[in-house]
Structures are given as structure tokens and as C-alpha cells.
Amino acid sequence: MNTALLIVDVQNDFCPGGSLATARGDEVASKIAELIKSSDNRTREYSHVLATQDWHIDPGEHFSDDPDFVDTWPVHCVANSHGSQMRGPVDTSLIDEFFRKGEYSAAYSGFEGVSPSGVGLADWLRDNEVRELDVCGIATDFCVRATVLDALKEGFKVRVLRSMCSPVDDKSGADALQEMQDAGAEII
Ligand code: VGL
């Protein structure tokens, strides 16, 4: 049974200096960079290392000049912009596949993402016999939360690497971890 690491939206715009920065974005990016380096060098802890990317072209009301930071947001992760790229210390050559989401609408869940060849995340995981996911990334209370809840609904066994998740807001991040645990994820 394969276990994959799923890195959610560790992109420049969600890290300090970005248009939708989360406070712990750089800390999380550094920890994830170390994790994938060590899992590549030693016995491979993960069968696959995967990443989602928010990838907006014209996502409608997801972008706002007067965002509420719940349903509407400043412009972020515009496709191919600097803000949409993975955060520096994460070595993208160690990532086996990317799943991009949100071109023309809001898409919080990585399960809305597709690979460059157009395969959705759930199908890709099944095709590669992945049954277990370790999930980390940004933001705990939005895209990590939505991805984990969908993964559980799709029948995957999920662990959330909490020290490698950064929230938009500390309180809603803590609430999201509780909600993910209540839904069946293991928080480690
Ligand atoms: C995200 C807010 C808006 C996320 C994406 O990646 O968690 N949050 N768009």
C-alpha cells in the first residue's frame, strides 16, 4: 500500500511578502523542503511526493478589491506569476507530480486539481495505488482543510503533519485541525 506526501499550495503568495501571506509560510516551506530532501536521500518514506498549486486565470468573485478573507481574497497565485511558484527552499525536482486548480473559479480542495496531462488527483492516486496520504501546506483553515476532508470522503487514510501547516488565522486553523480529526484524519 503506497503512501504519498501531498504538499498543498506552498506558493510564494501564501508566504511572507506575498499578496495573501500566512505568518508561518516560510517556516512551513523550510520544514517541507527538509522532509522531501531526507525522504529522497534515505529509504524512500513516501512512494510519491505530490503538490497542489492554486492557479488562477479569471476566478471571478474569488478575487476582490475589498476582500473579506473568508470567501473573497486579494489577487493571488495568478497562473505563471512569481506568486504562483512554489516557495524557494522546496526543491521542485523532488516533486513527482503537480495538480493545479482554480483557473476560472475558487478551488480550495486539491481534489479539484488536475495533472499536466489532465488527470484528477483522486484518479491519479488510485492509478498509482496510493491509499494513504500525509498532508501538509497552506492554508490549514482553507486549502489544507478542504483537501483533507475530500481525501477522507474519497476513502483515503489521512495524516495531517500539523507542524508543516500554516493557517490564515490561528483560531480558525485550530478549529480546522479539530474538524479534520473529527472527520477521521490523524493529526500528528
Ligand atoms: C487559499 C485562500 C484563498 C489556500 C487559497 O491555499 O488555502 N486560501 N485561496
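The values are calculated or read from the model by the stated rules, or taken from the named source; none is laboratory data. Everything quoted here is computed from the prediction, not taken from an experiment. Ideal geometry is used to build each Cβ from the backbone, glycine not excepted, and the neighbour counts take in all protein chains shown. For the accessible areas, the whole protein counts, side chains as well, though only heavy atoms, and no ligand, DNA or RNA atoms are used. Shrake-Rupley method; radii C 1.70, N 1.55, O 1.52, S 1.80 Å.
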Subject >> Solvent exposure of the chain as accessible area per residue, Å², 1.4 Å probe >> reply: 46
Original post:
Given H placed 1.01 Å from N in the peptide plane, which residues other than close sequence neighbours of residue 78 have an amide H under 5 Å from its amide H?
Top reply: 56, 84
Subject >> q = 0.16, 0.18, 0.28, 0.29 Å⁻¹: log10 I(q)/I(0) that the Debye formula gives for the stretch 52-115, counting C-alpha atoms only >> reply: -0.54, -0.66, -1.24, -1.28
**OP:** Only bridges with both residues in the stretch 1-90 count here: give the DSSP antiparallel percent, nearest 5.
**Re:** 10
**OP:** Would you mind calculating the gained length between residue 70 and residue 45 on full extension (0.36 nm times residue separation, minus the Cα-Cα distance), in nm to one decimal?
**Re:** 5.5 nm
Subject >> Accessible surface of the stretch 2-97 [probe 1.4 Å, protein heavy atoms]: carbon and sulfur percent >> reply: 47
Original post:
Of all DSSP beta bridges located in the chain, what percent are antiparallel, nearest 5?
Top reply: 10
Original post:
Given 0.36 nm per residue, what is the gain on full extension from residue 63 to residue 126 after removing their alpha carbon distance, in nm?
Top reply: 19.4 nm
**OP:** At a Cα cut-off below 16 Å, give the lysines reachable from residue 31, other chains included and same-chain residues fewer than 8 away excluded.
**Re:** none
**OP:** Can you pull the one-decimal nm distance between simple spin-label points at residue 187 and residue 30, each 7 Å off the Cα toward Cβ?
**Re:** 2.4
**OP:** Would you compute, from DSSP H runs of 4+ residues alone, the mean residue ellipticity of the chain at 222 nm, taking -39500 (n - 2.57) per run and dividing by the full residue count, rounded to the nearest 500?
**Re:** -7500 deg cm²/dmol
Original post:
Of the heavy-atom accessible surface of the stretch 136-188 (probe 1.4 angstrom), what whole percent is carbon and sulfur?
Top reply: 46
